[in-house]
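These notes are about the structure you will find just below.
The values are calculated or read from the model by the stated rules, or taken from the named source; none is laboratory data. Please read all numbers here as calculations on a predicted model, not as lab measurements. FYI the Cβ positions are ideal-geometry reconstructions off the backbone, even for glycines, and counts take in every protein chain you see. Note: areas computed on protein heavy atoms with side chains; ligands, DNA, RNA excluded. Shrake-Rupley method; radii C 1.70, N 1.55, O 1.52, S 1.80 Å.
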Amino acid sequence: MRAWRTAAAAASMAVLALIGGTSPVAAREAAPDPSAPASVPAGQGPVEGRAEAGKSGSDADAQAVIRCEGQVQRPHNSTHVPGTVNVVVTVSCTAPVPEITTRAALYKNGQLVNQSALRTQRSTRGGQNNAAVRCSPGNYRGWMYFKVVFPPGYRPPTGSGNGLGQEVPISC
């Protein structure tokens, strides 16, 4: 599984964005329907990620950069649907964007047990999704994918990432 873009890669992408270039990482990650892997490599810790784009042209400056960060929350016993385990994934951007698409997945003891459909939210600064399963004792962790479509004039025009959250033991 691809790890989230590192801070160094994000910084180089921002530089490319500000000078009007494109990021090969962003192009490679813009899969049309990304699915969660069937299992999680043992010992892989939580990862974090971000996508960002800069406005190109004569009005571009340091404040013309939109940064979006994804977060996988800790899996937990649901209070909304008793008897289930739930994980929520969120994306938060520093400015409104035309579109944020997310997918959430839930793993139990390293094996995929459920994933959400792709969810697209439009004209927003944030997006979220969730995945849930009937509770049975085990070690759970979440996974997310996100893709952001930046406003016209921003480079690169899209950014995306995926990653795992923290593993937590859950009893029912």
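Structure values in brief
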read-out	value
The stretch 94-99 - phi-based ³J(HN,Hα) in whole Hz, Karplus 6.51/-1.76/1.60, Gly and Pro as x	6, 8, x, 10, x, 7
Accessible-area composition of the stretch 53-172, carbon plus sulfur, in percent [1.4 Å probe]	46 percent
Surrounding net charge for Val113, when Lys and Arg each add one and Asp and Glu each subtract one, Cβ distance under 14 Å	+2
Cβ-based net charge around Val85, under 12 Å, with every Lys or Arg adding one and every Asp or Glu removing one	+4
